[in-house]
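Here, each number is a calculation from the coordinates, and none is a lab measurement. Please read these numbers as outputs of a predicted model, since none were measured by experiment. Don't worry about glycine lacking a Cβ; one is built from the backbone with ideal geometry, like all the others, and counts go over all protein chains shown.
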Amino acid sequence: MERLDFPNRITVELTNQCNVSCSFCPRQDVPMEIGFMDMGLYRKIIDEAAQHLPVKLVLFFRGESLLHPHFLQCLGYAKERGIGPIQFASNALALDAETAEKMLDIGIDFISFSLDTLNPQVYRSTRKQGNLCTSMEHVIGLSEKCRQRRAQGLAAPVLQVSTIELKEYLDEQQDFVAFWQKHMDIVRVYYEHDEKGGFRSDEVKRQLAHIGERRPCRKVFTDFLVYWNGDLALCNYDWKGGIKGLNVKNLSIYEAWHSEEYERIRRMQNETIFEESLMCKGCQHWRIDYMPEGFLGKMYKGTDQ
C-alpha cells in the first residue's frame, strides 16, 4: 500500500472533554489531559489543508466538539477555505436550536448522533450525566429544520443516528431503528471496541475471521489525525498511543506526513510485522477495508427523508 502525497482526510480533535460519561466508552480506560485546541493551531491546520484540496474534515475525536467555545467559528473557517465535506459526531446534549440553525447556515455536511436507545432509564444506566429526552428533542428539531430547508431547495446535511450492539440495547434495537428511520437519513448499529481497536464481541471476531492473514491498514496511508494539543494519532481508534515525537505545532502536516517516524509505521503495516508497543499489532479494524460492504455493523436508510 502506498501513501498519498498529502492526506485526503484530516480529523481534528477540537476537544477531548465530554459532557456525558458512557460506561462502554474507551475514555473510561484512558488517562488523558483534558483540553481545547487553540484557534491559532486550528487555523494553521486548515490553512495548510486548503493548499491540498480536496480534503475531507472530521471535527470530532475523543470528546464532544460542541463544547469547544469556538465550534461554529471552526466550522465556518474550514468552509471558507474550501475544505469539505465536513462532518462530526455528537451526543446532541449541547445542540440547542440556535447552534443548530447556525450550523445549517454555515453548511455542515454530515452529522452522526450517538443516542443508542429510546428508553431514558436504560440511557441513564449507560450514558451517565446525559439526558436522552433533551438529546432526542435536539436531534428531532434539527431533522425538522433540514426537512424544511430541503423543501425550499436549500442544502442540508446528511443526518445519522447510531446505537451500539450492547446487551442493554438489544431488546429494543428494531424499535430504535424504526423510530429513527422516520427522522434520519441513516440509522447505524456499531459494534463495541476497546481502546486498542479490538472488538469485544466474539461474534464479531468470528464474522471477520474469514478475511484471513494480516494485511496493511489503509488509515496511515490516507488519514491524518490531530489531538487537541497538536500531537498526532495513528487513527480514530488510537485513544492514547499517538505517533511519538510528532506535533503540528512545530511541524507542518506535510513534514509530519513524510517524516521517518510515519514511514517507519507504514513499513510495519506493509510488512505486517509490528512492535509490541504499537496498538496496530492487536487492532482488528484494518479488516473493515477488506470487507465487500466497506463497513462493519448494520445500516438502515431513512424512510421519510
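Data table
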{"read-out": "Estimated FRET transfer efficiency when R0 is 35 angstrom, pair I140-I288 (beta carbons, to 0.05)", "value": "0.70"}
{"read-out": "C133-A155 pseudo-label distance in nm [points 7 Å out on the Cα-to-Cβ vector]", "value": "3.7 nm"}
{"read-out": "Point-charge dipole on Cβ atoms (K/R +1, D/E -1) for the chain, about Cα centre, debye to 20", "value": "300 debye"}
{"read-out": "FRET efficiency estimate (nearest 0.05) - Cβ-Cβ, Q121 to T222, R0 51 angstrom", "value": "0.75"}
{"read-out": "Inter-label distance for R215 and M299, nm, one decimal - labels placed 7 Å from Cα along Cα-to-Cβ", "value": "1.8 nm"}
{"read-out": "Between the stretch 242-272 and the stretch 130-166, the Cα center-to-center distance that results, in Å", "value": "37 Å"}
{"read-out": "Gain on full stretching of the segment that runs from H52 to E101 - 0.36 nm per residue minus C-alpha separation", "value": "14.7 nm"}
{"read-out": "Identified option (computed mean projected area of the Cα convex hull in nm²; candidates [x] 18.1; [y] 19.1; [z] 15.4)", "value": "[z]"}
{"read-out": "Amide H partners (placed H, <5 Å) of L14, local residues excluded", "value": "F60, F61"}
{"read-out": "Taking the chain and dividing mean pair separation by its residue count, relative contact order in percent (alpha carbons under 8 Å, at least six apart)", "value": "22 percent"}
{"read-out": "The stretch 63-160: relative contact order in percent, alpha carbon pairs under 8 Å with at least 6 residues between", "value": "30 percent"}
{"read-out": "Inter-label distance, nm, simple model (7 Å from Cα along the C-beta direction), I34/R267", "value": "4.1 nm"}
{"read-out": "Pairs beyond 18 Å (Cα-Cα), from K79/K240; K79/K182; K56/K301; K128/K182; K56/K102; K240/K281", "value": "K79/K240; K79/K182; K56/K301; K128/K182; K56/K102"}
{"read-out": "Antiparallel content of DSSP bridges confined to the chain, in %, to 5", "value": "30 percent"}
{"read-out": "Beta bridges per DSSP with both ends in the stretch 1-136, % antiparallel, nearest 5", "value": "25 percent"}
{"read-out": "Net charge contributed by nearby residues that have their C-beta within less than 14 Å of L246 (K/R +1, D/E -1)", "value": "-2"}
{"read-out": "Cα centroid separation - the stretch 29-46 against the stretch 56-104, whole Å", "value": "14 Å"}
{"read-out": "Extension reserve of the R43-H258 stretch, reckoned as 0.36 nm per residue once the Cα distance is removed", "value": "75.3 nm"}
{"read-out": "Helix-only mean residue ellipticity at 222 nm for the chain, each DSSP H run of n ≥ 4 adding -39500 (n - 2.57), per residue, nearest 500", "value": "-9000 deg cm²/dmol"}
